[in-house]
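Note sheet for the following structure.
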Amino acid sequence: MKRSLGVCYYPEHWPRPMWEQDAADMVATGISWVRIGEFAWSRIEPVPGQYDFDWLDDAIAVLSDAGLKVILGTPTCTPPVWMTERFPDMFARDAQGHVRGFGSRRHYCFSHSGYREAAAEICRILGDRYGRDPRIHAWQIDNEYGCHDTILSWSDTAHEAFQTWLANRYGTIDALNTAWGNVFWSMEYSSFEQIGLPNLMVTQPNPSHELAFRRFSSDQVVRWHEAQVAALRPRTDAPLVHNYMGRVLDFDHFEVGSSIDIASWDSYPIGFLSDRLEGTPEHKARYLRQGDPDMQAFHHDLYRAVGNDNRWWVMEQQPGPVNWAPYNPAPLPGMVRLWSWEAFAHGAEVVSYFRWRQAPFAQEQMHAGLRRPDNAPAPGQHEAETVACELAEMPDTDIAQAPVALVFDYPSEWAWSTLPQGADFSYFRLVLDTYRALRRQGLSVDILPSDTTSLAGYALVLIPGMASVPAPLMAAIKGQTVLLGPRTNAVTDELCIPQPMGPAIPGFDVTATRVESLPPGIRRPVAPGGAVLRWVETLEGSANVSLADATGAPMLMSDGQTHYLGAWPDDALWSEIVTRLAGEAGIEVTPLPEGLRLRDTQHHRFAFNYGPEPVVFNGETIPAAGVVWWPRQTTERA
């Protein structure tokens, strides 16, 4: 499959005489795709029912005539002010009950039926006008669901919709009371109308109540999204796309992705390192201008799994300093190229940079683009040009099935966010730590959803922290070399302790009878090396003890190909576990220098140096921010 570059462009931000030159410069840079329109509702429909398509028709013509493929966004994440006057109750509320009002973006509650229909209507209108236009090669639905913490809403419309959702889920109020254990603290209800939202309470809400609200909130996103899909599907044959975010976990991306064609995400490595990743000061200083070595790759693999037939793009790639993180350094020279090639090596069809030109006004005026506000090229444009030239002789990056599978489950994030039991227990962090441990040993990884029914072709499967393992996945792991835990299959779907207690793996006699969460700085050494931190389980059963702490307490128990990990390992212990299990599974590991990462495609091995200094690997010196590749058959030379 031919890979290509794109860019995000806002013709409505720039004087009309600039458009032709912008389009020509994009093509000269090596760009093939251009996204427009996702924030332009006030220009498309300046007053209710009156549409101005002349400027948009003109922009599409200019871009297409230059040879660019247009991605048209539905403008529904930025409803104009007149829409909020039509629906003054459409705003979300935060957990303290404060209205999240007009003046920026994403100012709507997913539960508001009036705005949901208005959003679908603008999609129908756009679809009627442009759906069969051959110049429109893809549609982006909305923009960045969940950005700015906008999934959970405590509005009156959300409250009413939640009560209806509960009635549909449980059927009777007695069933709900039983499922939630509402006999505790006299929390029993006699009708669904009595149930409030799980906020503004004296102490912690019932965890089952809170988890139900998280499930409901995810379902509302799916319902909102599918209304736009239903509006566009009959009107276009072009693929439908949504651009997800990094570490936004409040809705089930797999469910959203099931109704569209291509998953994409917005990759901001340096912003994420500062804004949404844990790490020591030393780690953050080392990767200050590169981003974490595994954050981008993790999301590439995740969204490849979300995409229909593994189709996925990067819709927004950071090209320079961003504006929204606490601190915003510039990328190390070469990193824009590295990030682009890493995405292609993980199977991306398109890498699209945000944005063409830095805006000189409003909230994102400090966010870099490929060009400066004065229209001179920024450093990111030169690196994009380099990637475009390399793409002309691009090695085959068709993906190959990895030897290792890692299962990811959004409801587990909701469960452990609701009932963490330790202030720093994070499902995402646990899964990312597992992914990092595999990548440090040079392994390529496929991420799979929890509804996976077949694990054929995978030599090793890891399932960390999955709150409730569905029966089809439990059946699929039979006969596999598999590592489960910690905290896997520990609760029911209602976030209660099951009987028998977890992990309750058929034919595997291990029970986690007690759990402890450890504060920062506390480590329990494990033979032959490393330690556990954050989370420790007391394991009992007849399975073999594969690893124990200094007191002899089991940390890893095994029976045949099934292994259960009852703790959160540090890096050294993770390396020991991964090396052992890979050897058992017949997978060769390649311990890597600090900051170096590999990715295998069908025919090539790629190496990416996230470190700030050169490294020697496979007989070559790879500079800082360097990317190299070899045909697969030559990767074993010293």
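The values are calculated or read from the model by the stated rules, or taken from the named source; none is laboratory data. Given the structure is predicted, the values throughout are model-derived calculations rather than measurements. Glycine also receives a Cβ, built like all others from the backbone with ideal geometry; neighbour counts cover every protein chain displayed.
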Task: For Val81: the one exception among (1) more than 17 Å from Gln228 (Cα to Cα); (2) in contact with a strand residue (DSSP E or B) (Cβ under 9 Å, 6 or more places away or on another chain); (3) β-branched (Val, Ile, Thr) - done: (2)
Open item on the list: As an exercise: evaluate Asp250 against (1) farther than 25 Å from Thr74 by Cβ; (2) of a type in the set (D, E, K, R); (3) under 25 Å from the mean Cα position of the chain (by Cα) and give the number of the one condition it does not meet.
Closed with: (1)
Open item on the list: Restricting to the stretch 414-449, name every residue that is small (Gly, Ala, Ser), over 19 Å from Gly521 (Cβ atoms) and either in contact with a strand residue (DSSP E or B) (Cβ under 8 Å, 6 or more places away or on another chain) or buried (at least 20 other Cβ atoms within 10 Å of the Cβ) (or both).
Closed with: Ala415, Ala437, Gly442, Ser444
Task: Residue match in the stretch 333-355 (condition: of a type in the set (A, V, I, L, M, F, W, C) and surrounded by fewer than 22 Cβ atoms within 10 Å (Cβ to Cβ)) - done: no
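Table: residues versus (1) within 20 Å of the chain's Cα centre (by Cα); (2) at positive phi; (3) outside any loop (DSSP other than H, G, I, E, B); (4) β-branched (Val, Ile, Thr).
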{"position": "His382", "(1), (2), (3), (4)": "no, no, yes, no"}
{"position": "Ala388", "(1), (2), (3), (4)": "no, no, yes, no"}
{"position": "Leu406", "(1), (2), (3), (4)": "yes, no, yes, no"}
{"position": "Glu413", "(1), (2), (3), (4)": "yes, no, yes, no"}
{"position": "Phe425", "(1), (2), (3), (4)": "yes, no, no, no"}
{"position": "Asp433", "(1), (2), (3), (4)": "yes, no, yes, no"}
{"position": "Arg436", "(1), (2), (3), (4)": "yes, no, yes, no"}
Open item on the list: For the condition crowded, with 20+ Cβ neighbours inside 10 Å, in contact (Cβ under 8 Å) with a residue 40 or more places away in the chain and of a type outside the set (A, V, I, L, M), what is the one hit in Ser4, Ser104, Ser64?
Closed with: Ser4
Task: Matching residues in the stretch 205-250 - criterion: being polar (S, T, N, Q) and either at pLDDT below 95 or within 30 Å of Ile270 (Cα to Cα) (or both) - done: Ser217, Ser218, Asn243
Task: Filter result for Asp509 (in contact with a Ser or Thr (Cβ under 7 Å, 6 or more places away or on another chain), at pLDDT 95 or above, in the same structural domain as Phe425 (by TED's automatic domain parsing) and under 21 Å from Ala543 (Cβ atoms)) - done: yes
Open item on the list: Tell me the residue from Pro11, Pro88, Pro46 that is modelled with pLDDT of 95 or more, within 30 Å of Ile151 (Cα to Cα) and surrounded by 13 or more Cβ atoms within 10 Å (Cβ to Cβ), please.
Closed with: Pro11
Open item on the list: Of everything in the stretch 582-604, what is touching a strand residue (DSSP E or B) at 6+ places or on another chain (Cβ under 9 Å) and more than 16 Å from Gly457 (Cα to Cα)? Give them in sequence order.
Closed with: Thr590, Leu592, Pro593, Glu594, Gly595, Leu596, Arg597, Leu598, Arg599, His603, His604
Open item on the list: So for the stretch 94-105 (the condition being part of a loop (DSSP other than H, G, I, E, B), in contact with a Cys (Cβ under 7 Å, 6 or more places away or on another chain) and closer than 20 Å to Phe162 by Cβ), does at least one residue qualify?
Closed with: no
Task: Single match in Thr590, Thr621 (criterion: surrounded by fewer than 19 Cβ atoms within 10 Å (Cβ to Cβ) and without any contact (Cβ under 8 Å) to a residue 60 or more places away in the chain) - done: Thr621
Open item on the list: Please determine whether any residue of the stretch 29-38 is farther than 19 Å from Trp313 by Cβ and touching a residue at least 24 places away in the same chain (Cβ under 8 Å).
Closed with: no
Open item on the list: Please count how many residues of the stretch 416-456 are closer than 20 Å to Arg580 by Cβ and of a type in the set (D, E, K, R).
Closed with: 4
TODO: Can you work out which of the residues in the stretch 212-262 that are β-branched (Val, Ile, Thr) and part of a loop (DSSP other than H, G, I, E, B) is farthest from Ile136 (Cα to Cα)?
DONE: Val248
Task: Flag if Asn177 is touching a Phe, Trp or Tyr at 6+ places or on another chain (Cβ under 8 Å), surrounded by fewer than 22 Cβ atoms within 10 Å (Cβ to Cβ), part of a loop (DSSP other than H, G, I, E, B) and among the polar types (S, T, N, Q) - done: no
TODO: Output the number of the condition that Gly611 fails; it satisfies all remaining conditions of (1) touching a strand residue (DSSP E or B) at 6+ places or on another chain (Cβ under 6 Å); (2) under 21 Å from Asp292 (Cα atoms).
DONE: (1)
- [ ] Tell me, yes or no, whether the stretch 590-600 has at least one residue that is in the same structural domain as Asp424 (by TED's automatic domain parsing), assigned to a loop (DSSP other than H, G, I, E, B) and in contact with a helix residue (DSSP H, G or I) (Cβ under 8 Å, 6 or more places away or on another chain).
- [x] no
Task: Qualifying residue in the stretch 440-459 (condition: over 25 Å from Glu255 (Cβ atoms) and part of a helix (DSSP H, G or I)) - done: yes
Open item on the list: Conditions first: (1) in a helix (DSSP H, G or I); (2) under 20 Å from Thr84 (Cα atoms); (3) not hydrophobic (A, V, I, L, M, F, W, C). Gln163 passes all but one, so which condition is the exception?
Closed with: (2)
